[in-house]
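Okay, so here's the structure we're looking at.
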Amino acid sequence: MTDVIVRSSPLDPHAQPLIDGLVAEYDGRYGAQSRPGGARSEIERYPVEAFAPPLGDFLLLRREGETIAGGAFMSHDDETAEFKRIWTHPELRRQGLARRIVLALEESAAQLGYTRAYLTTGFRQPEAAALYLGLGYRPLFDPAVDPTLYRSLPFEKHIGAKAGQAGTSKIYAPAISFEAATSRVHALKTEQEAKILSRLSSLGVGPVLPAASVAAEASR
């Protein structure tokens, strides 16, 4: 039994188990109506170019020809890479596969010059939060507060040339309600998306189209 981590793309057929698995996971935990278009609309929110060098990466862990785990990152700025799409096959969990993927993403991001990793997980994914804490990630929220008042739980960690240095980003205050937290997360994601698309456009990195649009064009 041989495991290998390979560079891939959201459009790679070998990435489909990861994408479909994330859709099922998120819609199952949060409900398909928790956001317009369900989880798939969020997963296909960013252009595929965001997850490719020189700004990002998309990694799959494959075993005997099957995709069993994976993850990706994209660029916020010259310092910060945001880790996303971290997934493990549900029948193979608690084997350290997600840990291997996160460490591989850290290594890849550091090789591209990033010194800070940023990521979020949902309020109904305590096992993911425990993974990131175990890997030395610093919560940018108050762990003593009801997580629904954040909805999305952010973490940071210095990597590469700054590995081991303490984080200094602000700790978010909880919202006054779940609805207020949802609005704040939506506003933050909209702001981040605008920054990422602008960064891609300014650097001339490919056609800035969402993954869903690229896939639709390719199928014509």
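Computed from the coordinates by the stated procedures, all read-outs in this text should not be read as laboratory data. Treat the numbers as computed from the prediction; the structure is a model and nothing was measured. Positions of Cβ are backbone-derived with ideal geometry, glycine not excepted, and every protein chain shown enters the neighbour counts.
By DSSP, the beta bridges lying fully in the chain are antiparallel in about 90 percent of cases. Local charge for Ser152 was computed over the other residues whose Cβ lies under 10 Å away, with Lys and Arg +1 and Asp and Glu -1, and equals +3. Backbone phi angles across the stretch 135-149, fed through the Karplus curve with coefficients 6.51, -1.76 and 1.60 (θ = phi - 60°), yield HN-Hα couplings of 9, x, 6, 9, x, 9, 8, 8, x, 7, 8, 3, x, 5, 7 Hz in residue order; Gly and Pro are listed as x. Between the stretch 75-102 and the stretch 123-162, the alpha-carbon centres lie 13 Å apart. With a simple spin-label model that places each label point 7 Å from the Cα along the Cα-to-Cβ direction, the separation between Glu91 and Glu25 comes to 1.7 nm. For Tyr137, what is the net charge nearby, where nearby means another residue's Cβ is under 9 Å from its Cβ and Lys, Arg count +1, Asp, Glu -1? After counting each charged neighbour, the total is +1. Sorting 144-155, 171-182 by their mean Cβ neighbour count within 10 Å, with the most densely packed peptide first, gives 144-155, 171-182. The simple Förster model, with R0 at 45 Å and r as the Cβ-Cβ distance, assigns Ser177 and Ser202 a FRET efficiency of 0.75.
For the chain, the mean residue ellipticity at 222 nm estimated from helices alone is -11000 deg cm²/dmol, where every DSSP H run of n ≥ 4 contributes -39500 (n - 2.57) and the total is divided by all residues, rounded to the nearest 500. Magnitude of the charge dipole for the chain, about its Cα centre and with charges confined to Cβ atoms of Lys, Arg (+1) and Asp, Glu (-1), is about 280 debye.
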